[in-house]
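In what follows, a structure is listed as structure tokens, so that the remarks can point back to it.
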Amino acid sequence: MSGSDRRNGVCGQIDEESIDLHCMGRLKNDFLREHLESCAFCKERVAEHRSWIEDLKKALAQHQKTEDVSSAKEHADVRSCRDES
């Protein structure tokens, strides 16, 4: 199957939601799951989605860490202002 056939054939008809569900272990369609695990083109799509998901998780963790530091700093500033009164 050529690259354009894959994009226009079965692989092109597998939507992003199915790939997302597969990456999260929630895809119930056995045919699609088997296809996503065996088709080289779709394996690449799945790997890209998993990489994207990991990047989002890292960004969220970094954001939460930044928020925690900001929140702690705000509380320290408030306590400092109270101590000065």
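The values are calculated or read from the model by the stated rules, or taken from the named source; none is laboratory data. Just so you know, these numbers come straight off a predicted model, no measurement behind them. Because the Cβ atoms are built from the backbone with ideal geometry, glycine has one as well, and the counts that use them run over all protein chains shown.
At-a-glance table
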{"read-out": "Scope the stretch 1-23; condition aliphatic (A, V, I, L, M) and either modelled with pLDDT of 90 or more or surrounded by 15 or more Cβ atoms within 10 Å (Cβ to Cβ) (or both); matching residues", "value": "Val10, Ile14, Ile19, Leu21"}
{"read-out": "Filtered residues of the stretch 25-70 (kept if under 16 Å from the mean Cα position of the chain (by Cα) and in contact (Cβ under 8 Å) with a residue 24 or more places away in the chain)", "value": "Arg45, Val46, His49, Arg50, Ile53"}
{"read-out": "Matching residues, the stretch 10-26, being in a loop (DSSP other than H, G, I, E, B) and more than 17 Å from Glu48 (Cα to Cα)", "value": "Arg26"}
{"read-out": "Only one of Lys58, Lys65 that is loosely packed, with under 13 Cβ neighbours inside 10 Å and at pLDDT 95 or above", "value": "Lys58"}
